[in-house]
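The values are calculated or read from the model by the stated rules, or taken from the named source; none is laboratory data. Computed from a predicted structure; not experimentally measured. For neighbour counting, all protein chains shown are included, and Cβ atoms are generated from backbone atoms with ideal geometry for every residue, glycine included. SASA here: full protein model, heavy atoms, side chains in, ligands and nucleic acids out. Shrake-Rupley method; radii C 1.70, N 1.55, O 1.52, S 1.80 Å.
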Amino acid sequence: MRDQPSHLPPPEDVLEIGAPEQFAALAHPLRQRLLFALGQQPATISRLAAQLDAKKGNVAHHLKVLREAGLVHIAETRQVRGGTEQYYQRTARHMIVAEPQAAGIAAMLAAVAQELDRSPAETHLTLRHLRLSPAKARQLGEALAQLVDEAEENAEDQPVHGVLVALYQQAQPTSTTSSA
């Protein structure tokens, strides 16, 4: 029996997240981790449960939520020992949140924190605040996206590394007292 199905349809390149059910689906760290895990190749519930150290019932429930939100789909089914094995795949290689919502961002950051905590290798995490013009900020954002896109080696025998890139303008403090 093979570990991985062949002839899977490729995922779309980009999916823009915007529907309320998509934001609700993204609001749980395990669902975020499932999306991370499905970023490289399709997998079964059993494989995902083992990879994420989670119970198969929890994985199945959260995959159902992701599927109903249109974030994952069943890429292939196979008959195995009298049952049906389903391989899940993300619907898109890249998922872009057009208007991020606090619950989804919090879940994504919690999922990244779990991934960092479980990492067997040294991690790199840096937060910096930079003074940038709007043009320079846009240029930096484009350069970061290009750097991440070009870093992928597609070498299946190499470990998977997570990359979180965030570029945002820091909110200005609101003054509640008047200056005299």
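Below is a table of values for the structure above.
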| quantity | calculated |
| --- | --- |
| Long-range neighbours under 6 Å by Cβ, at least six apart or interchain, first residue closer than 18 Å to residue 168 by Cα and among the small types (Gly, Ala, Ser) within segment 103-129, second open to solvent by less than 60 Å² (accessible area, probe 1.4 Å) and assigned to a loop (DSSP other than H, G, I, E, B) | 103/27; 104/27; 107/27 |
| Residue that is modelled with the lowest pLDDT, among those in segment 37-71 that are open to solvent by 80 Å² or more (accessible area, probe 1.4 Å) and either touching a strand residue (DSSP E or B) at 6+ places or on another chain (Cβ under 8 Å) or under 19 Å from residue 93 (Cβ atoms) (or both) | 40 |
| Subset of segment 1-36 (residues that are modelled with pLDDT of 90 or more and among the hydrophobic types (A, V, I, L, M, F, W, C)) | 30, 34, 35 |
| Selected residue (only one of 64, 56 is over 15 Å from the mean Cα position of the chain (by Cα) and closer than 18 Å to residue 19 by Cβ) | 64 |
